[in-house]
Amino acid sequence: MVAGSASRPTSPLAWSPEEWCGALKSLGVRPFHAHQLFRWIHARGVLTPDRMTDLPLHVRESLASFGLDKVLTVADVRRGRDGTRKLLARLEDGATVETVLIPEFSGSKERLPSPLPSLDGDRGEFGSDDDDEDDEDDANDATGQGYVRVAQCVSTQVGCAMGCSFCASGVAGWKRHLGADEIVAQVLAGRCQLETGERLRSVVFMGMGEPLHNYDATVRAIRLLSHGEGVNLSARRITVSTSGLVPEIARLGSDFDGHIGLAVSLHATDDETRSRLMPINSKYPLRKLLDALRAYPLRKRRRITIEYTLIAGQNDSATDSARLARLLRGIPVKVNLIPMNAIVASNLGPPSMTRVLAFQRVLCDAGYSCFIRRRRGEDVDAACGQLALLGAQPKVRLARSGRDG
């Protein structure tokens, strides 16, 4: 189900400066022009060659045939009451994906006090653990005025092959991988939607699709987004979420030496329940997944984020919380508890807040940093698990099991 990771041929929007040098060599373009072109595209978000005024005219004329501005268009923008914006992006072949801009405000997560010391460097919903060196930069932008940090959630596939029962992205199954150009184009389009006083601060690969199933395009997109002449995101401000593809977790850790943030969708504490909720568990059961997390080469002061969607009657019992605390022992983690967001593809739903808080209390008492994710963009179907193919119909509805504890 997840063996292949071939993507579309690399398009010009996903070329590095060195690849631009090679492509433009026949035009007599000097290497520094290729770097100028890369900066126009990735640092400034300019995709129309006639605006690249420091490039020779004959180069700009030649670039018109590359179709840089045809990769993605924003077909619709829906704004939530909390400032979250969901962008419907239409790709060149007519397929659609969604990407979400999430303003990061303090207090976006609720946390109970832990009885044990913990590294709590989180700044907002998708903050990293080692932000201290950036406190001064966070407080002021170049003009001395404060700004709002924005996290962008990007998609990596049209649809999803993982088939998780509580997630809308897979209701119509997997259609195709996105190219690195289509992934990066979401970020370039998202920056155009930023308002005065906002700044793109982090990118999370948590939208439609399984990023590690589309490994090559995901990695190329990461390298482009972190390129010093482009968007220039620090690697620690890029997080890849996975449902648990064990070989690719190891590959990601090796390729980036642990600098890229890792978030793992766990969602259950025993193999029977997890396989029912997440079919990928049949291939990579909990023991193999947890071994992969222990082997992931984390950098100093970094932790793996454990995403745990709480589903009433499925995985929210006192037994589950105690077992989760035992399973994660010895792994540097922080836990995000996500009360399930409603989707049309399932009859499942969230437990009561009393039950959510009880689950959190067990983890906090065990010494974990444990947060309850605030529902962001729920009124525009932009919350966790709600991104879906436009017009997709549910393939299956999983009923409540009646399980309790």
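Assorted remarks:
- Odd one out for THR269 among (1) surrounded by fewer than 20 Cβ atoms within 10 Å (Cβ to Cβ); (2) within 27 Å of PHE166 (Cβ to Cβ): (1)
- Residue selected from the range 37-92 under the condition farther than 30 Å from LYS175 by Cβ and among the polar types (S, T, N, Q), by the criterion surrounded by the most Cβ atoms within 10 Å (Cβ to Cβ): SER62
- Close pairs (8 angstrom Cβ cut-off, 6 or more residues apart or separate chains): of a type in the set (Val, Ile, Thr) in the range 3-16, at pLDDT 55 or above and surrounded by fewer than 16 Cβ atoms within 10 Å (Cβ to Cβ) anywhere: THR10/GLU19
- Remark: pairs (first residue in the range 41-69, free of Cβ contacts under 8 Å to residues at least 12 places away in the same chain and under 23 Å from SER226 (Cα atoms); second residue surrounded by 16 or more Cβ atoms within 10 Å (Cβ to Cβ) and polar (S, T, N, Q); Cβ separation under 9 Å; 6+ apart in sequence or on different chains) are absent.
- Here GLY28, GLY94 are screened, and the one residue that is modelled with pLDDT of 95 or more and either small (Gly, Ala, Ser) or over 22 Å from ARG191 (Cα atoms) (or both) is GLY94.
- Pairs with Cβ under 6 Å, 6+ apart, first in the range 237-248 and at positive phi, second in a helix (DSSP H, G or I): GLY244/ILE280; GLY244/LEU289
- Total residues in the range 16-34, condition in a helix (DSSP H, G or I), of a type in the set (Gly, Ala, Ser) and surrounded by fewer than 19 Cβ atoms within 10 Å (Cβ to Cβ): 3
- Filter result (β-branched (Val, Ile, Thr) and touching a residue at least 60 places away in the same chain (Cβ under 8 Å)) within the range 206-236: THR218, VAL231
- Among the residues listed as LEU63, LEU13, LEU88, the single one being at pLDDT 95 or above and part of a helix (DSSP H, G or I): LEU13
The values are calculated or read from the model by the stated rules, or taken from the named source; none is laboratory data. Computed from a predicted structure; not experimentally measured. Cβ coordinates were reconstructed from backbone atoms using ideal geometry, including for glycine residues, and neighbour counts include every protein chain displayed.
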